[in-house]
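Reviewing the structure listed below.
The values are calculated or read from the model by the stated rules, or taken from the named source; none is laboratory data. As the structure is a computational prediction, the values presented were derived from the model and not from experiment. FYI the Cβ positions are ideal-geometry reconstructions off the backbone, even for glycines, and counts take in every protein chain you see. For the accessible areas, the whole protein counts, side chains as well, though only heavy atoms, and no ligand, DNA or RNA atoms are used. Shrake-Rupley method; radii C 1.70, N 1.55, O 1.52, S 1.80 Å.
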Amino acid sequence: MSRRALRRLRGEQRGQEGPGLSELGLDPGPERAREGGPPPTPGKGPRGPSRAGVSNRFELIPAEESEDEPAAGEEQQDTRLSEQDTAGGSKDRSKEGAVTEETDGDGQREGQEAEQPDGTLATSNKPRKKKKKRKTKKNSAGETVEDNDLEDIDSLLERIEDPRLAPQSQGGISADSRPLLYVEHRNLNPENELKRYFGARAVLGDQRPRQRQRQYVRSMWLTAPKNTWPRYSKTGITMQLLDTRRGVQHFTFEHHREYQQVQFKFLDAVESMDPNNIVLLLQMSPYHVDSLLQLSDVCRMQEDQEMARDLIERALYSLECAFHPVFSLTSGTCRLDYRRPENRAFFLALFKHLMFLEKRGCPRTALEFCKLILSLDPENDPLCVLLLIDFLSLRAREYTFLTRLFQEWESHRNLSQLPNFAFSVPLAYFFLSQQEERPELERSQAREQAARLIQLALIMFPSVLMPLLDHCSVQPDARVASHPFFGLNAQISQSPALNQLTSLYVGRTHALWKDLAVMAWLEPQVHEVLRMVEAQDTLVQEAEQKRKIRYQSAPRNIYRHIILSEMKEATAALPLEVTSQPVMGFDPLPPLDSIVSYTRPERTSHPSNESTLSLFFRSLLPNFNLQGDIRHGGDDEAGAAQDLNQGVNRLMAAMRDMLANIQFQEPPRDDNPEGDGDWD
């Protein structure tokens, strides 16, 4: 039998213990139970009935409460006895773990046994609060109301915290008044996403005790500084506010003179084609951004992914330290012009960091960085992240954001003319229709929208279907495989620019289509499109005309995106004018209309009309200069003839020095001319 049932059988109540034993800190109740004696009589003690129901005789209790307490105690004793008669011990044990008013009352009784009459004022207040709780227990209706209120509060908190139960509008779009490209700070930290997946203990491990001893570092939003990084000092990068137009603030990074000198050294190191020179430069300037970006590419090519990611994070840290006080990452109203070379490093560092996050398994954080890049220049989109944002939205299961982006931007950006949006948006609607927590009407509308959009996508881009099925290892039926609309002719007849877009989409998102439910949904839509093709529907003819007129050549930002994405399927389709020119990781395909604030000083160039003999001697003697240290440009023929004579004299002197330094060594003598006899 549980302790609770024993207390109910004994009928222990407040004030039943002897005051002498209570002062000694002893509990007479258990002793009486072991001796077999009868339980104490309620309301009677050594001090008389006037102290019944009072555990501390020095406690100041209002007269009304002291009069009501004995009746409450008797009523509760009767209730406990009746409950003991009707309920077994197992029921009592099941009630011990419940957090209800009943447990509060039992907790009061446990405290009553250990209370002392000469307790302090702090301990004397506890029984007073417990009495009030016990009084409220008499009103069962009031108790029910309190429990219902607590349940309502808990349910409201759960609804607020659950994103799936957020208020929805028509078409499954969240009724959120925030801007479309609003960025949340908490979603920029990949550790928050990893904690949701694996728990804080698995992510942090033994890092928490170490953080207490670490030195103070500046807190950042984009990345967390590490103890292994060099000590940060001002690098010479600042950010300036150019102007504000229609509530949009335009900023730019600026390079001071000392940073420009480091930039010139970096360009020399790149031209040397030796990564060790970049390493030496980073030892002197550990937070030079372009050096960090270029060396990160070198480490990634050498399969050192951890070091490559660390260098990108250090570059982001260096740039964030230079932010303007007004520059905001979350508002979506701050702009940076990619045409300025100083701003390109920030775009590229964000994009490379985004790609590392996606490979690391943090698609939600990568989506937030993608929104940040798009918010910096949404009109021009220099890195063309619109070709990537749909994939990240699907991977992060942010279907509502993707459908909202499509609805708000379709009118002025024609997103449906991009293969990735044409296929990803209906896939997002299909996933929304599979969510059982949504109303049935909303799910049916999402199914209809998904069917309509996927049919339009298959009509507009028929060359996507067969490569997509091939990547998914799905064999189409005979009707689809033999039909010319989806056959090999559809892939050959499309323009190179369209081939790059379709190859990029299939290579990137084919894993999302491998789901059996997705394939089961796609199959009837393909047959419906074939029926429309055979019926010569007007939509099919219009789509064919659009493909012939559009997609003649891809803009430069799409080429830049393909190079940065490193998708083999899309990179192989790049035109010759892009692949023939050198592409640097710190500035791939710079804009043709760049806004240059400072230029690199011209290096001392050697004349291009040098003779073969002169080039030969220059390779042997790098300091040799045929025209002398100072060249006047040949203002008159006499000066030119004099320079030529001086050059010939220097050439002869150099030849004499070279011949004088040549030493011939005799070959070593062979003491055994007949050989060792090992050869046959």
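Per-residue Karplus couplings for the stretch 293-298, computed as 6.51 cos²θ - 1.76 cosθ + 1.60 with θ equal to phi - 60°, are listed in order as 5, 5, 5, 5, 5, 5 Hz, Gly and Pro entered as x.
Under the criterion of Cα pairs below 8 Å and six or more residues apart, the relative contact order for the stretch 384-593 equals 21 percent. For the set 310, 268, 593, the ranking by accessible area, highest first and with no ligand, DNA or RNA atoms included, is 593, 268, 310 under a 1.4 Å probe. Taken one residue at a time, the phi angles of the stretch 473-479 give Karplus couplings (6.51, -1.76, 1.60, θ = phi - 60°) of 6, 10, 8, x, 6, 5, 5 Hz. Gly and Pro are set to x. Net charge of the neighbourhood of residue 501, taken over other residues with C-beta under 12 Å away and scored Lys/Arg +1, Asp/Glu -1, is +2. Other residues with beta-carbon under 11 Å from the beta-carbon of residue 299 carry, at +1 per Lys or Arg and -1 per Asp or Glu, a net charge of -3. Each semi-axis of the equivalent ellipsoid for the stretch 352-435 is √(5λ) with λ an eigenvalue of the Cα gyration tensor; in descending order they amount to 19, 18, 10 Å.
The stretch 380-418 and the stretch 453-474 have their alpha-carbon centroids 19 Å apart.
Quick one: which of 234/265; 226/352; 359/514; 234/352; 234/371; 234/359 span more than 21 angstrom between C-alpha atoms? Correct reply: 234/352; 234/371; 234/359.
Charges were assigned to the Cβ only: +1 to each Lys and Arg, -1 to each Asp and Glu. The resulting dipole of the stretch 384-593 about its Cα centre is roughly 260 debye. Computed from the C-beta positions of residue 541 and residue 3 and an R0 of 60 Å, the FRET efficiency is 0.10 to the nearest 0.05. Working ranking of peptides 371-383, 243-255, 560-572, 275-287 by packing, defined as the average number of other Cβ atoms within 10 Å per residue, highest first, is 371-383, 560-572, 275-287, 243-255.
Peptides 433-443, 404-414 ranked from most to least packed give 404-414, 433-443, packing being the mean of other C-beta atoms within 10 angstrom over each peptide's residues. Does the stretch 365-492 come out rounded, prolate or oblate, given a ≥ b ≥ c as the square roots of the eigenvalues of its C-alpha gyration tensor, rounded meaning a/c under 1.5 and, failing that, prolate meaning a/b above b/c? Since a/c reaches 1.5 but b/c is at least a/b, the shape of the stretch 365-492 is classed as oblate.
Please give the contour-minus-distance gain from residue 186 to residue 531: 0.36 nm per residue of separation, less the Cα-Cα distance, rounded to one decimal in nm.
Once the chain is fully extended between residue 186 and residue 531, it gains 119.3 nm.
Note on the stretch 384-593: Kirkwood hydrodynamic radius from all Cα pairs is 18.1 Å, rounded to one decimal.
Among rounded, prolate and oblate, which fits the stretch 235-343 when a ≥ b ≥ c are the square roots of the eigenvalues of its C-alpha gyration tensor, a/c under 1.5 means rounded, and a/b larger than b/c means prolate? Judged from the Cα gyration tensor, the stretch 235-343 comes out prolate (a/c at least 1.5, a/b above b/c). Taking a ≥ b ≥ c as the square roots of the eigenvalues of the alpha-carbon gyration tensor, the stretch 448-526 is classed rounded because a/c is under 1.5. Projecting the Cα atoms of 422, 460, 504 onto the charge dipole of the stretch 384-593 (Cβ charges, centred on the Cα centre) puts 504 farthest toward the positive pole.
Applying 0.36 nm per residue to the separation of residue 434 and residue 305 and subtracting their alpha-carbon distance, the gain on full extension is 42.7 nm.
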